[in-house]
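Everything below concerns the one structure shown next.
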Amino acid sequence: MNLPTTEQPPPGASRSLVTAPPDGTNERPLPSASRVPVAAQPGGHGRRVPLQGRSQETVQRILEAASRLLEKVPLDDLTTSRIAAESDVSIGGLYRFFPDKQAILDAIAVARQKEFEEHIAASFLEDLPRDGRVFFGRMIDAYVDFLDHHPDFRTLVFHRQISPETRRRESQPDTGAAALLKQFMVHYLGMADTAELSLKLRVAIEAGERLLVFAYEQPTPDERALVVEQSKLLLAGYLFPSPTAS
C-alpha cells in the first residue's frame, strides 16, 4: 500500500517483482540517513542534503527521535523543539537539515514506505501465487502487520500527517508497493498496462487506506480482523473481477 496525506521521487526505479510468467516483523530502526529518499532529493521542502558522515548521523538522530515521539506523545505536542531535545541536537542544528516539522514527518513516512516495499519484494519473490486475489490479500495482510509493528508510520498514515505533495508522489501506481502489484498484474497475469489500470490502482489505494482506518477504529482485534477481511474481498473484486462480472 502507499502513503496517505500531508513530493520527492525516490532515487531509482522500484524493485522488480516479476518479469515473466512462471514455468511450473519485528520493528526495525529507520533506514540510515543516507538511505532516506527525501534526503537525497534536491529541493525537498527546502531541506539540506547531508553529505558528510557526521551530518548523516545528525539527520538519523533527528528522524529516530521524531519516530519515538510519534509513538508516545499527541501530535499537537510534537514540535521541532521537542524533537531537537529528544535527539540531543540544538534547534539550530535541526533547522540545518529540516525547515519544519512537516519535512521530518515526510522523511519518516517515505523511509518507512521504502522499508515496506523492500520487505514485500524480498518475501513475495519466493512464492508467487497464481491467483491475483490471493496475491493482493497477502499484500494487505503484510501491510497490516507492518502497521502493527511500526506505530510511528501508523500514526502518520491514519492521522493524515503526510504532506499532499509527498502523498501524490508516493501514491502513484508506478511507485512503491503499488508498482510491485502492478508488475504482478501486468507481467504475471498478463493484464494490459493501460491508463484505466493505473486509475483503478489509484482508486484502490485511496479506498484501501480509508478502509484500514475504519478497521483500526474497531473496539476489538477480532472486529478489526473482520473489517480487514471484508476490505480485502471488496478491493480484490474491484481489481480482479471474475470473468462473469466483466
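Per-peptide packing, taken as the mean over residues of other Cβ atoms within 10 Å, places 190-203, 147-160, 74-87, 166-179 in the sequence 166-179, 147-160, 74-87, 190-203 from highest down.
Over all distinct Cα pairs, what is the inverse of the mean 1/r for the range 180-246, reported as the Kirkwood hydrodynamic radius in Å?
It works out to 13.2 Å.
Which pairs in the list LYS114/LYS182; LYS72/LYS101; LYS101/LYS182; LYS101/LYS200; LYS182/LYS232 are over 24 Å apart, alpha-carbon to alpha-carbon? From the list (LYS114/LYS182; LYS72/LYS101; LYS101/LYS182; LYS101/LYS200; LYS182/LYS232), the Cα-Cα distance tops 24 Å for LYS101/LYS182; LYS101/LYS200. Determine the sum of side-chain charges near ILE205: Lys and Arg each +1, Asp and Glu each -1, restricted to other residues whose C-beta is under 13 angstrom from that of ILE205. Around ILE205, the surrounding residues sum to +3.
Read-outs: derived from the displayed coordinates by stated rules, not from any lab. In this text the structure is predicted, and so the values were computed from the model without any measurement. Neighbour counts are summed over all protein chains in view; Cβ atoms, including those assigned to glycine, are modelled from backbone coordinates with ideal geometry.
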